[in-house]
1. If we keep just the residues of segment A:205-248 that are of a type in the set (S, T, N, Q) and crowded, with 22+ Cβ neighbours inside 10 Å, which is farthest from the other protein chains (Cβ to nearest Cβ)?
2. Restricting attention to segment A:267-287, does a residue exist that is within 33 Å of the chain's Cα centre (by Cα) and either of a type in the set (Asp, Glu) or assigned by TED's automatic domain parsing to the domain that holds A:TYR353 (or both)?
3. Just to be sure before I move on: is B:SER357 of a type outside the set (A, V, I, L, M, F, W, C), touching a strand residue (DSSP E or B) at 6+ places or on another chain (Cβ under 7 Å), within 30 Å of A:ASP115 (Cα to Cα) and in the same structural domain as B:LYS36 (by TED's automatic domain parsing) in the structure I sent?
4. Looking at segment B:2-13, which of the residues that are surrounded by fewer than 24 Cβ atoms within 10 Å (Cβ to Cβ) and assigned to a loop (DSSP other than H, G, I, E, B) is farthest from the chain's Cα centre (by Cα)?
5. Checking the conditions here, which among A:VAL97, A:VAL53 is within 21 Å of B:ILE208 (Cα to Cα), in the same structural domain as A:ARG370 (by TED's automatic domain parsing), buried (at least 17 other Cβ atoms within 10 Å of the Cβ) and touching a helix residue (DSSP H, G or I) at 6+ places or on another chain (Cβ under 9 Å)?
6. Only one of B:VAL17, B:VAL9, B:VAL35, B:VAL22 is in contact (Cβ under 8 Å) with a residue 12 or more places away in the chain, closer than 22 Å to B:ALA172 by Cβ and more than 11 Å from every other protein chain (Cβ to nearest Cβ). Can you tell me which?
7. What residue, of B:LEU61, B:LEU52, B:LEU45, B:LEU79, is in contact (Cβ under 8 Å) with a residue 24 or more places away in the chain, surrounded by 19 or more Cβ atoms within 10 Å (Cβ to Cβ) and within 30 Å of B:ALA338 (Cβ to Cβ)?
8. Give segment A:125-150 a look and list any residue that's in a loop (DSSP other than H, G, I, E, B) and either touching a Phe, Trp or Tyr at 6+ places or on another chain (Cβ under 8 Å) or surrounded by fewer than 24 Cβ atoms within 10 Å (Cβ to Cβ) (or both), or say none.
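The values are calculated or read from the model by the stated rules, or taken from the named source; none is laboratory data. Computed from a prediction, not measured in an experiment: that's the story for all the values here. Neighbour counts run over all protein chains shown; Cβ positions are idealised from the backbone, glycine included.
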Amino acid sequence: MSEDAGALAGLRVLDLSTYRGHLAARLLADLGADVIKVEPPAGDIARRIGPFVDDRPHRDRSLFFWFYNLNKRSLTLDIENPRGRELFLDLARAADVVVESFAPGEMARMGLGWDELHRLNPALVMLSIAPFGQTGPYRDFEADDTVLTALSGMLYVNGYPGRQPVRPLGLQAYHSAAYYGAIAAMCALLARDRDAVGQWVDLSMQEATAAAVEHVAGSYFGQNFVEPRRGTLHWSRFFRVARCRDGYVMHCTLGDWTSLIEWVKSEGKAQDLADPRWEDIGYRAEHAEHLFDVLDEWVKDYECKELLERAQALRQPYAIVQGPEAMLEDEQLAARGFFVEVEHPELGRKFRYPGAPYLFNGTPWRVRRRPPLLGEHTGEILRDDLGLEPAEIAALYAQGIV
Amino acid sequence: MGSLALEGVRVLDFTWVVAGPVATRILADNGAEVVKIERKVPPPLGDRKRGLQCDLHRNKLSLALNMGHPRGLEIALDLVRKSDIVIDNFSARVMRQWRMDYESLCRVKPDIICVSMSGFGHTGPRSNFVSYGPTLQALTGYTRLMTDIDGEPAGYGYSYSDMAGGFTGALAALAALWNRRRTGRGQFVDLSQLEAVAALIGPCLLDITVNGRVPEPPLYNSQEAPAAPHGVYRCRALDGDDDRWLAIAVRSEGEWNRFVETIGSPAWASEPKFRTLYLRMRNRTELDANITRWTSQRRAEDAMAALQKARVPAGVVSNGADICERDPQLKARGFWPAVARADGSLTRVSGVPFKLSGGSGSVRTIAPEVGENNDYVLGELLGMSPVKRAELVAAGVVWP
């Protein structure tokens, strides 16, 4: 196996999921697995979700679909059709992982439940991603990302006291579930090295999202304290947002206190913060509201950039509160090649994608293929992976099964 | 129940604060033996036997080792020889200063896997900068775009990026392990927490790079398939607490019809301005005001139950007591397991969010105090006699 094939080269994944599970399969694809996105002949529903390239809606122009399906191949297959189901089972026979996010019980109804797949291919790992998992009183409840952030505790703690809670940017319930899903699949695959049999993974998105909240359960079980919303004051009480002349910055009182307070003092803005008792980190946390009120008064006439340059020179971990577009100009991200160019020959254009969060020195992460056009690899999969004859393939197309 | 998935895997854990410990918690829950290398005076983060610190470090072992002492470094290298994975979340220079960087570790254990979870990565102009979750969230757009309805930045009330960095690190470690079992080779994974959290707003970033669009705060506009109503709605107080809200998402005509029926088919719902999804999105301020008239008369739990009975997505905006005590689903699935202290008393922590049919991850042991497992690690893993261990303590290499 060649070195640049990715850490998971040789792994075969069938992705039957909707966008609840797309990222889980993409994470495996990014790491080198061969992931086949199995789509209904009309296309995955994510292809209809915007934004679209140049705002022109089209199944092959959805940026939403693109992000979640980079590095995958696309097979259109009607798995509800008996012949389509057979073809899926043929693929499952040679696969390592099936990822699905249907409502609990739906796979079994289609004759593709764990018992069937396990009998067919005992080494197969099946990753089932459902809003509330495969068991329990909420098993059949409906949820979107927002409802899941609500029921997991992720939503309640963001925003201002007494006002409406503030929802995360991006679909972070789905993303948390996707990461835990990929982790769970890897755990099952590593156990398979020992046991030689696959496992069924029952992943609850509600639980995965609850496991992506830092402090709420700890405060509840540890201090019997229900964490509130605190505006921009971080629960640790060492960070708060301040308004500058031209924008916002994030204060941080975990850096070297002496150099920070010398700076503030030199501008005549330290008020009572020059008192030595503020050198104690616990005292700073305890009196964070007053501390930040004084610091807010100090930074309010600064321009963000000017403040940040001086803060960095003193190694104070301040940050500009900026829009995501600023990352395109970020020299650190640029130096690491975070944004990668991906060629879309069908459009005659190249686009910049956010890339890998990790660099593997032995098996580099890379973009192997752009997101697939609908059914782009149907022919090659039927021919090369399933060994079908051209006449059979033509018949499948004619019957609308692929 | 079968065996745990990662039984037999040993992890040497140099991580601290949150992001790194989240990564090693995932490995420990699933059966890896995680040995924390700690300073005698731990950072003042709180009690290990309850709450967040217990949650982060359960299932792990702790060795209090003086890495500033040459013999401390030797012991760390002896442990590397017996480990599969070494994880840290320092900025790039710390492990190098100890000569515990990947190249050095390869010399004592050629197939070692090293995962370094620094804030900015090991290369680039800011590789040695210290980062924190709130800083990373400010730099990547979360704080700016997660606004209150009046447009003021709010952001997360906590460090989501530490959690995201944690699960990214765990996945990287597992992928490297899978690869090593097939190739015999370890490797170095250079993870940037900044990049981990940046990657999680992918579609928004593509809209910027492809369409040149500067993103607006999404507020409660759906970020997936269009939906209206879609948002959080104030509900009746519960035991004097009026901070009660219900999240509702109505995505299709079918859901809209069932929603209207559930709330008693009020006259406003049949007005032409709410007839289609498009019109409901356009007139959402008025739509939301009408819905709040219904929710504010009801407890969030009751409104949720009524809507879910009609298969309309709805959920209580749950606080700590909701998720830890009241939520029947989390309870039914055993998501808050109890773990015993030495005196037999119990405390609860978060569970493992996935179940494996052949043996699920679990919470087996309470978090250790710093140095609690010195004897096991030095005695059983490294085969040192009690006399030798006492010598190390006397020499200030190991803290009791």
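1. A:THR209
2. No.
3. Judged against the criteria, B:SER357 is a match.
4. Ranking the qualifying residues of segment B:2-13, first place goes to B:GLY2.
5. A:VAL53
6. Answer to the selection: B:VAL35.
7. Every option except B:LEU61 fails the conditions.
8. Those that are in a loop (DSSP other than H, G, I, E, B) and either touching a Phe, Trp or Tyr at 6+ places or on another chain (Cβ under 8 Å) or surrounded by fewer than 24 Cβ atoms within 10 Å (Cβ to Cβ) (or both): A:PRO131, A:PHE132, A:GLN134, A:THR135, A:GLY136, A:PRO137, A:TYR138, A:ARG139, A:ASP140, A:PHE141, A:GLU142, A:ALA143.
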